[in-house]
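Here the structure comes first, spelled out in structure tokens, and everything after it is commentary.
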Amino acid sequence: DSGVTQTPKHLITATGQRVTLRCSPRSGDLSVYWYQQSLDQGLQFLIQYYNGEERAKGNILERFSAQQFPDLHSELNLSSLELGDSALYFCASSADSPLNEQYFGPGTRLTVT
Amino acid sequence: AQSVTQLGSHVSVSEGALVLLRCNYSSSVPPYLFWYVQYPNQGLQLLLKYTTGATLVKGINGFEAEFKKSETSFHLTKPSAHMSDAAEYFCAVTASGGSYIPTFGRGTSLIVHP
């Protein structure tokens, strides 16, 4: 158990819809990262938050957004969903240093039909 | 900028055989290197990491990796494969003074035959 929790575990929705994925980081970690994992693209970094502030952006679409709340949990919002958004979405947390490994949650499997 | 190349998207070995998963990196500053493992339907978990000091790093489940600066490599090995080692393995790099965001390789799927 990594200490990172994600809900829901599975999500099935239709094209054009909007969903929210939730993540609670490991106790004491201020950094939260979101990743998308698909067969064709591999593991893609989306966005990082540190203590409530956006710190880094990766390959995140404009239809996607995220935030980190005062209690440090984070939400990833995906809107105007397309079939190609079907993927595993992981949240990870870490202490704030490049020396430190990331702790990954179990992921949310999103299926867009 | 940094990058990671994992040679071979699939590696197949027999149970009891040597496991060798290859990772080459590029980084303009001294790198920090990680190997993660992903079992089916789970998130990634750390196997081992190299930051500074001893270049041969031992991790969990009998895995080890050696940092070779001259070859820009960080290959993962295990002397004797178990069926339970079947998983996806990811090499990743961060760098001191650079982005804290790790760059991950595409992953190597390890298949273990009985």
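State whether one or more residues within the stretch A:68-76 are in a loop (DSSP other than H, G, I, E, B), touching an Asp or Glu at 6+ places or on another chain (Cβ under 7 Å) and either free of Cβ contacts under 8 Å to residues at least 60 places away in the same chain or within 14 Å of another protein chain (Cβ to nearest Cβ) (or both). Can you show your working first?
To start, the set of residues in the stretch A:68-76 that are in a loop (DSSP other than H, G, I, E, B) comprises A:69-73.
The next check asks that each one be touching an Asp or Glu at 6+ places or on another chain (Cβ under 7 Å); those that pass are none.
Within the stretch A:68-76, not a single residue is in a loop (DSSP other than H, G, I, E, B), touching an Asp or Glu at 6+ places or on another chain (Cβ under 7 Å) and either free of Cβ contacts under 8 Å to residues at least 60 places away in the same chain or within 14 Å of another protein chain (Cβ to nearest Cβ) (or both).
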Could you say whether any residue in the stretch A:3-17 is within 25 Å of B:Tyr32 (Cα to Cα), modelled with pLDDT under 95 and surrounded by fewer than 18 Cβ atoms within 10 Å (Cβ to Cβ)? yes
Checked against (1) over 13 Å from A:Arg26 (Cβ atoms); (2) surrounded by 15 or more Cβ atoms within 10 Å (Cβ to Cβ), A:Pro70 satisfies every condition except (2)
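What tally of residues in the stretch A:84-110 results from selecting those that are assigned to a strand (DSSP E or B) and not hydroxyl-bearing (Ser, Thr, Tyr)?
Residues that pass the stated criteria total 8.
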Does any residue in the stretch A:29-45 that is at the interface with chain B (Cβ under 8 Å from one of its Cβ atoms) and farther than 16 Å from A:Glu82 by Cβ come within less than 8 Å, Cβ to Cβ, of a residue that is of a type in the set (Asp, Glu) and outside any strand (DSSP E or B) six or more places away or on a different chain, and which pairs are these? A:Ser31/A:Asp96
Which numbered condition B:Ile60 fails, given (1) hydrophobic (A, V, I, L, M, F, W, C); (2) under 26 Å from A:Gln6 (Cα atoms); (3) open to solvent by less than 50 Å² (accessible area, probe 1.4 Å): (3)
On the basis of being part of a loop (DSSP other than H, G, I, E, B), touching a strand residue (DSSP E or B) at 6+ places or on another chain (Cβ under 8 Å), of a type outside the set (Gly, Ala, Ser) and open to solvent by less than 20 Å² (accessible area, probe 1.4 Å), does A:Leu81 make the cut? yes
Given the stretch B:10-114, what strands (runs of 3 or more DSSP E) lie entirely inside it while holding 3 or more residues that are facing another protein chain (nearest Cβ under 10 Å) and under 13 Å from the mean Cα position of the chain (by Cα)? B:31-38, B:44-50, B:87-95
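The values are calculated or read from the model by the stated rules, or taken from the named source; none is laboratory data. Small disclaimer: the values here were computed from a predicted structure and weren't measured. Positions of Cβ are generated from backbone atoms using ideal geometry, with glycine treated the same way; all protein chains shown enter the neighbour counts. Protein only, heavy atoms only, side chains kept; ligands, DNA and RNA dropped before computing areas. Shrake-Rupley method; radii C 1.70, N 1.55, O 1.52, S 1.80 Å.
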